[in-house]
Structure formats: C-alpha cells, structure tokens
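One structure is given below, represented as structure tokens, and several questions about it will come after.
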C-alpha cells in the first residue's frame, strides 16, 4: 500500500521523539500494522505524535475543539420515560494523567451542557500529576468559565488511577458519585436514568451503555445492548444480553443485570461507596479494580446493572508502547482479586496462568477482613446466582 512507502519516516519519527529503545520496535510494528489499513496520511508528524502520546487521533481532536454535538443513540422508547423530580444530586469525578486537552474538555463540556443544573453538584477533576504544559495554566483558564462548578484537584505525586479516584471521591459532596474517564462524551438525558435506579435502591450500582468513539475518526457510534463479563483469566469482555431479559414491558430499555463492569464509567451512592470499602488502596495504577469492585458489589449484598437509556461515548485508546511497570502492577492487582475473592476457584485462574502462582501480591489481610465484616457470600454463590456461564466454562 502507498502508506508503506512512508514506513521509514515513521521509524525515524519514533526515534526522533525519543521513544525508548526497548519500546521502539514494538511501537513501530504496532503503529505500522494499524495504520497500513487506514486511508490517512500517516507520515504527518502531528498525526503520529497524537497516536504515540495519546493513543488516538489527537490531531483531529484538536480540530474538533472543546465541544461538539453527538447523535442521540437512545432507543426511542427511552424518550417517553419519566423520572422523579426528587432525584439525588451527583458529583462527577474525572481523573486524568496527560490527557489530550480537547478530549478532556469535551468530557467536561458535555457534562455541563447535558446535565440538569439542579442535579449537578459539581465536577471534580483530579490531575494525577500530569506533565503536559496545556494541562497547567491553560486548563485553569478554561475552567474559570464554570464559576466554581468544576473543582480541580492536583495530586502532589503520581498516585495511579485507582487511588486518584479515591482522592476525587474524598473531595465530592454530591449524594451520588459518578466516575467518568477523561475521554468521554455524555449523551442526552444521560444522568437521570442512573440516578433514578440508585434512588430506588441505594445498594444498586449502575453503568450506562458505553457508546463507541472511534480512535481514528472520532465518529460517535451506538453500542448494542451488552452486559459486562469476564473469563477465567479475569479478562473483562462484553457479552450479548439474553433475550429473556428483554421480555418485560420495558423491553430493550429495561435495566440489565451485569456480572461485571468495565470500571471507568459508573454511578454509586456515595455512602454505599464508603460502606463497601471504596477501592483496594494497595492496588497500583489501574487494572482489575473493576472486577474486584464488581465481585464485592454482588457478593456483599448489592447489585450491578447496565441502564440502556443512559448513553456515554468513550474512546478506547490504542496503547502503542508496552509499559513494564503497568504490566507488573496489573498482574499484582489481579492476584489480589484472585486471593481475596475467588475462594477455591482461584485454581481455575492458575490453571491458565501457572507462572503467576509464585508471584507476590502484597498484604491482603485488610481486604480479607473487609469481606468478613461485610458478610459477603462465596464465589460459588456468585457463579450460581449471577454468572452461571462462568461455571459452565470451567473445562474450556
């Protein structure tokens, strides 16, 4: 393909911007294999810079600017739903580290413009010690227009996403905490369905249907009806929704029981978040915290639903560089989940990853004690009651 003629330019570019030598070959091959199928001028240094630094088309993101209108992807039956006029207030928590400036602003702007003011207690932005210049004074300047509705918390050291979320929650005052990734765009009437479900039962944790924002074109596309799940490697995935769940009078607008959640976007009653034990503070950076919280919700007396009438778009970034510290942190995080929550079924995990059995995972005594204090059920109960498909896949 014509683009392959520029492969030498890509390699020279990556070397010029000082991609670490250990990463150079991986980044080069990954970027080249992806872009070879795209009809774009990928020899443009600005385009390449965006993918290497941000994992998506930052050049196009800059041209879109801080706000745009996205299509209403809700089922038409959602338009006729009515919600209580006495819904709880929400604090929106958005953590970021070296996020692309306009993607971050589109997240904030979409929340401000598409959320009823009486429901929006505040937006709490947590900067996890970003190093990019445009996230300093320039960001402060842009946020001034919101007249105090947006709080900006700047961490004094790099905490990682998990602890940054806990810091954001500690600065929130709304009745409900809504966590969003920093590269989202919320859709119309996105918050009311989430708050309505929590108002009915404070032990219900909810996520919207997560629409797709393409990492190259930034086009906004609707997600089908899906629920969160995972396999015995504890890898999260989206599963189709069973037809019987659509048999109620509400049809495809009915809340969907979800064994797990992706973790970046969800809403939870603030007191319940603390009662449940927040996050495992000894997990590092990110990874597995979504499954740990999902298991804790279900096994300790709560429930987790996808709310189809709430839609939020999300960019799934294309990570072009391997990150050894992140990979090690994720393994450690997964092992903490395995040893605290899987009971005797942890052997199913180690059958598939025997090399991880001897690896260290830190002190889990606090989390084991929390499980006892909350009176949580067994993992066997979770499989039988919430996720029988996992048990059925044990021998696969």
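The values are calculated or read from the model by the stated rules, or taken from the named source; none is laboratory data. This structure is a prediction, so every number in the text was calculated from the model and none was measured. Methodologically, a virtual Cβ is constructed for each residue, glycine included, from the backbone with ideal geometry; neighbour enumeration extends over all protein chains shown.
Just wondering, is there one or more residues in region 130-141 that are under 26 Å from residue 289 (Cβ atoms), surrounded by fewer than 18 Cβ atoms within 10 Å (Cβ to Cβ) and either in contact (Cβ under 8 Å) with a residue 24 or more places away in the chain or not assigned by TED's automatic domain parsing to the domain that holds residue 59 (or both)?
Yes, because at least one residue in region 130-141 is under 26 Å from residue 289 (Cβ atoms), surrounded by fewer than 18 Cβ atoms within 10 Å (Cβ to Cβ) and either in contact (Cβ under 8 Å) with a residue 24 or more places away in the chain or not assigned by TED's automatic domain parsing to the domain that holds residue 59 (or both).
Out of 272, 279, I need the residue that is in the same structural domain as residue 164 (by TED's automatic domain parsing), touching a helix residue (DSSP H, G or I) at 6+ places or on another chain (Cβ under 8 Å) and under 29 Å from residue 124 (Cβ atoms). Which one?
279
Does region 205-212 contain at least one residue that is touching a residue at least 12 places away in the same chain (Cβ under 8 Å) and more than 30 Å from residue 391 (Cβ to Cβ)?
yes
Turning to a different aspect of this structure: Tell me which of these residue 374 doesn't satisfy, since it passes every other one: (1) under 26 Å from residue 285 (Cβ atoms); (2) exposed (fewer than 12 other Cβ atoms within 10 Å of the Cβ); (3) over 25 Å from the mean Cα position of the chain (by Cα).
Only one criterion in (1) under 26 Å from residue 285 (Cβ atoms); (2) exposed (fewer than 12 other Cβ atoms within 10 Å of the Cβ); (3) over 25 Å from the mean Cα position of the chain (by Cα) is unmet by residue 374, namely (2).
Only residues that are closer than 14 Å to residue 382 by Cβ and either surrounded by fewer than 22 Cβ atoms within 10 Å (Cβ to Cβ) or at pLDDT below 95 (or both): list them for region 341-355, please.
Selection gives 342, 343, 344, 345, 346, 348.
Could we say that residue 285 is under 30 Å from residue 73 (Cα atoms), assigned by TED's automatic domain parsing to the domain that holds residue 179 and in contact with a helix residue (DSSP H, G or I) (Cβ under 7 Å, 6 or more places away or on another chain) here?
no
Still on this structure, I have one more. Looking for whichever is over 13 Å from residue 93 (Cα atoms), surrounded by fewer than 22 Cβ atoms within 10 Å (Cβ to Cβ) and out of contact with any helix residue (DSSP H, G or I) (no Cβ under 7 Å at 6 or more places or on another chain) here; the options are 202, 173, 217. Which one fits? Steps first, answer last, please.
Working: 202 fails: out of contact with any helix residue (DSSP H, G or I) (no Cβ under 7 Å at 6 or more places or on another chain); 173 fails: over 13 Å from residue 93 (Cα atoms).
On inspection, the qualifying residue turns out to be 217.
If you go through region 369-389, how many residues are under 21 Å from residue 260 (Cβ atoms) and in a helix (DSSP H, G or I)?
11
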